[in-house]
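Read the structure below first, then the notes.
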């Protein structure tokens, strides 16, 4: 079921770089889950190409370091007491082996910056997409509720329901999305269903809905202090010269005899819509929220926080003065059985993300080891593989990156957790292949260099 377009609040779909790609993939695959999985596959494959270059530089430097080590250790013993001479001799060795600290660190630095940029921008984009889908779903639920409650003003339907007094029947509401119609069906045993069709209004404001609630659902009104000397005035008394603000007019409660019936129908319609449009994945009930042992239904604070970003200045002022959004929320979700919804998970995504992050680091380290000069690569949480020149800092990454990944998957949308896990699994599958490619590449270069050296030696001998 597609989301309904409403005008309650002007909600604009996120249109950033990643959001545009995600929405295109979603249109092609049908769900955001498949869109995120596809995006993770493409990003990791592209980064694997960058990793090949990076690993080549790292492995080449590892080989050079192994060759330089005896000479570096020798000058350290001989000139360790004189730092100036030691540095001079070290530079001579670096020049001899054509080794540059800058050239060895620069590829790793560029790769890490690029990977963390993708990491953070994608996190922000997936959070924006999740927030948008949550508020859009709620706005449609609010709109549905209002369209059913206002049936109290449809005389033809009420006459038919009056004639059915004392009889058994079921009332159902359905939205015709193509024709923008609200269909009300009366079902009776052994009697053909009766269908009533009304225009589906999608221009409700929060104030409109709140007034409907006051009129037909009898929302309690907060008492407004009044001037005892002038009880009939509808303005608050202020000091001389200050602007007077009109008080909120009281809406007269009207009991049509069908208030409870339409209220129940509105709640059922909202619940059906929520269940039909809720997007889950495996054990996760709501992919737009963090996977945790809490209800998959959005909370009031989440809704008011997310929607406040879309308010115009006028809407902001109105909401700050009246809190329509907060008051309406309780009525709109009242019919949803949160107990039957269960929980949104048990931190399984967090555990998997932490484990795959650790395994990704371990596998890269395992495959990149050199017997002569073991150097461990960094692979920050499945978002890239880059070499580290010290085993100590590499071991530290085994703990730092899984913790960072765990925090992000614990606190934020499940979509990002799924992206990270898929990305890390793809990285683990590609790491043996990229390592093999780099080793073959270096072997081919080494063979070519040896052949060149042999030719040069032979040529010199002929000259003599």
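No value in this document is a laboratory result; all are computed from the given coordinates. Since we're looking at a predicted model, the values are computed, not measured. Glycine also receives a Cβ, built like all others from the backbone with ideal geometry; neighbour counts cover every protein chain displayed.
At R0 = 51 Å, how high is the FRET efficiency between residue 403 and residue 260 if r is their beta carbon distance? Nearest 0.05 is fine. Display every interim value, and only then the final one.
Working: r = 53 Å, r/R0 = 1.04.
The calculated FRET efficiency here is 0.45.
By the count of other C-beta atoms within 10 Å, a proxy for reagent exposure, 420, 297 are ordered fewest to most as 297, 420.
Cut-off is 10 Å between beta-carbons; in what order do 168, 92, 160 appear when sorted fewest neighbours first?
With the fewest neighbours first, 168, 92, 160 line up as 168, 92, 160.
Remark: the residue 72-residue 338 segment gains 88.9 nm on full extension, using 0.36 nm per residue and subtracting the alpha carbon distance.
The order of 450, 60, going from fewest to most other C-beta atoms within 10 Å of their C-beta, is 450, 60. Here segment 319-371 has an Rg and Dmax of 23.5, 71 Å, counting Cα atoms alone. Here segment 1-154 is described by how far its Cα atoms reach on the three principal axes: 100, 30, 18 Å, from widest to narrowest.
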